[in-house]
Amino acid sequence: MARLLPMGVQHVVAMFGATVLAPILMGFNPQVALFFSGIGTIIFLTLTRFRVPSYLGSSFAFIGPVLAVTGGDASRISHASFGIAGAAVLYAIAGLATIRFGARWIERLMPPVVTGTVVALIGLNLASSSLTNALNDKFTLATSADAHKVLVAAVTFLVAGAVAVYLRGFLRLLPILTGVLVGYALAAATGQLDPEAIARIGAAPWVGLPPLHLPTPDAGALLVICPVFVVLVAENKGHIAAISGYMRRDLNPLLGRAYLGDAIATFVSAVGGGTPQTTYAENMGVMAITRVYSISNFLMAALVAMLLGVCPKFGAVILSIPTPVLGGVTLILYGLITLMGVKIWLDAKVDFADQRNLVVAGSSLVVATGLGVKGVTIGSVNIAGIAVGTMLALALNLVLSIGRGARDVTAA
């Protein structure tokens with residue numbers, strides 16, 4: 001337990017920023033999202049027979065469609081929840097089909113060139129948010145406050161990197177948590193802690209149930225949100241491929257169960273008023289840097305997240321982590337996510353002398369990275385860069401595979 005608890009907390013720290021940011025952007029309650037991320041992770045681990053190490057957190061792919069349904073009106077969150085539940089049902093059907101008929105159809109739809117691209121574009125798409133946290137949204141170093149932010153981010157980054165590379169023993173397994181603690185202390189010493197955030201820690205109660213609510217039936221919300229399940233299918237396949245590569249173990253036979261676990265977790269979350277869920281690349285980054293793939297760590301992380309979900313004071317402590325600290329650790333995590341995509345290409349021996357592979361991967365990466373977290377707005381609907389890049393990779397793979405042999409397409 002002395003080792004398990006900090007390992008689990010490290011995974012919570014890694015996922016916390018994005019898992020809380022997504023509901024804030026969509027208008028959901030972060031405490032509810034955090035609570036259901038823990039429940040969802042336990043559901044996922046159970047459905048995959050405790051053989052796929054993953055953490056489930058809030059999905060960014062739904063941000064645009066959810067905002068299109070709510071229009072920023074908090075009273076319509078329950079309508080969006082109905083659409084999310086519908087997407088989860090379609091996702092579950094994809095999972096059951098994969099369990100029943102195997103992953104062959106997924107492999108044809110998403111060969112390694114696509115899955116590697118999807119994983120890589122997730123890291124690249126989030127790159128600007130890491131640098132924004134480390135500096136500011138204008139990327140300008142003009143004041144002493146800017147310099148202090150960069151200092152905190154740099155120290156956090158260097159400490160986390162040094163712990164992973166140079167230390168031995170148990171501490172080597174806690175680079176992210178160590179980096180955050182040192183960065184937090186430096187931020188406090190340089191006066192960068194938000195006084196309001198500190199005040200909220202003192203005012204927050206120790207125990208408080210998250211505000212749950214049921215979905216409101218809405219056919220329009222179903223039509224807008226349901227198609228996003230395709231993005232989750234692509235993301236999850238890419239994540240399974242990346243984890244398989246790092247573990248040197250073929251987890252593809254569990255792909256259908258992974259889909260089903262993620263889908264049920266998303267459905268349960270939606271029914272309770274939480275955010276849609278997906279396997280989290282941030283936690284894959286922690287596994288990559290520590291080389292520890294224990295399921296126990298994720299069970300502990302899930303329990304800690306559920307505790308945070310019913311303990312507003314702990315949640316307030318995590319929310320008080322200064323943005324430069326998050327910028328420092330996510331610089332490592334997002335870089336690792338990007339390279340996981342590259343590793344998928346290398347392990348599958350994707351041929352980039354093939355012009356088709358160049359077009360599928362290159363254009364999707366450029367579009368997703370160019371749009372970033374702001375995405376593209378079509379009429380009143382905003383579509384996240386990750387979703388656009390994923391859909392583009394899928395579409396280009398299908399279109400440019402016309403006239404090619406099935407063997408060539410799968411091998412690509």
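What follows is calculated from the coordinates using simple rules that are stated; it is not laboratory data. Because the structure is a prediction, the values reported are computed rather than measured. We place every Cβ from the backbone using ideal geometry, glycine too, and count neighbours over all the protein chains shown.
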Mind computing the radius of gyration and Dmax over the alpha-carbon atoms of region 208-349? Å is fine for both. 17.3, 51
Rank-order 47-56, 188-197, 94-103, 7-16 by packing density, defined as the average count of other C-beta atoms within 10 Å over each peptide's residues, highest first. 7-16, 47-56, 94-103, 188-197
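Express in nm, to one decimal, how much length is gained between ALA97 and VAL342 on full extension, taking 0.36 nm for each residue of separation and deducting their alpha carbon distance. Please list the in-between numbers first.
Working: separation 245, 0.36 × 245 = 88.20 nm, distance 2.85 nm.
Fully extending the segment from ALA97 to VAL342 adds 85.4 nm.
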For ALA147 and ARG249 in the same chain, what is the full-extension length gain: residue separation times 0.36 nm, less their Cα-Cα distance, in nm? 32.3 nm
Please compute the modelled spin-label separation between ALA203 and ALA395, points set 7 Å along Cα→Cβ, answer in nm with one decimal. 4.7 nm
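Mind checking the dipole of region 4-411: about its Cα centre, +1 per Lys or Arg Cβ, -1 per Asp or Glu Cβ, Debye to the nearest 20? The partial results should precede the final answer.
Values: 23 positive and 15 negative charges, 184 e Å.
Charge dipole of region 4-411: 880 debye, to the nearest 20.
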For a quick check: sort THR140, THR70 by the number of other beta carbons within 10 angstrom, fewest at the front. THR140, THR70
With unit charges on the beta carbons (Lys and Arg positive, Asp and Glu negative) and the dipole taken about the Cα centre of the chain, which residue among GLY379, ILE332, ILE318 sits farthest to the positive side? ILE332
Using only the Cα atoms of the chain, what are the Rg and Dmax in Å? 20.4, 65
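For region 1-122, what's the relative contact order in percent, using C-alpha pairs closer than 8 Å and at least 6 residues apart?
Values: 63 pairs, mean separation 23.0, N = 122.
19 percent.
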Collect residues whose amide H, placed 1.01 Å from N in the peptide plane, falls under 5 Å from the amide H of SER59; neighbours closer than 5 in sequence don't count. GLN277, THR278
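Subtract the Cα-Cα distance of ALA189 and PHE352 from 0.36 nm times their separation in residues, and report this length gain in nm to one decimal. If you can, show how the numbers build up before the last one.
Numbers: separation 163, 0.36 × 163 = 58.68 nm, distance 4.95 nm.
Fully extending the segment from ALA189 to PHE352 adds 53.7 nm.
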Karplus (6.51, -1.76, 1.60) ³J(HN,Hα), θ = phi - 60°, over region 358-372, in Hz, Gly and Pro reported as x: 4, 5, 4, 6, x, 5, 5, 5, 5, 5, 5, 5, x, 6, x
Computed over the Cα atoms, what is the radius of gyration of region 140-290 divided by 2.2 N^0.38 Å, N being its residue count? 1.41
Percent of all Cα-Cα pairs per 10 Å bin for region 163-205, counting from 0 up to the last occupied bin, reads 25, 34, 26, 14, 0
Determine, for region 4-411, the count of lysine pairs separated by eight or more sequence positions (or lying on different chains) whose alpha-carbon distance falls under 24 Å. 5
For labels at ILE378 and VAL359 in the simple 7 Å Cα→Cβ model, what's the distance in nm? 2.0 nm
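What per residue convex hull volume, in Å³, comes out for region 308-396 when only alpha-carbon positions are used?
For region 308-396, the hull spanned by Cα atoms encloses 166 Å³ per residue.
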Förster radius 22 Å - calculated FRET efficiency between LEU171 and PHE50, Cβ distance, rounded to 0.05: 0.25
From Cα pairs below 8 angstrom and at least 6 apart in sequence, can you work out the relative contact order of region 4-411, rounded to a whole percent? 37 percent
Cα centroid separation, region 271-313 to region 121-193 (Å): 21 Å
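Show that you can apply the helix-only estimate: for the chain, add -39,500 (n - 2.57) for every DSSP H stretch of four or more residues, divide by all residues, and state [θ] at 222 nm to the nearest 500.
Working: 20 runs with 289 residues, N = 412.
Using -39500 (n - 2.57) per qualifying helix, the result is -23000 deg cm²/dmol.
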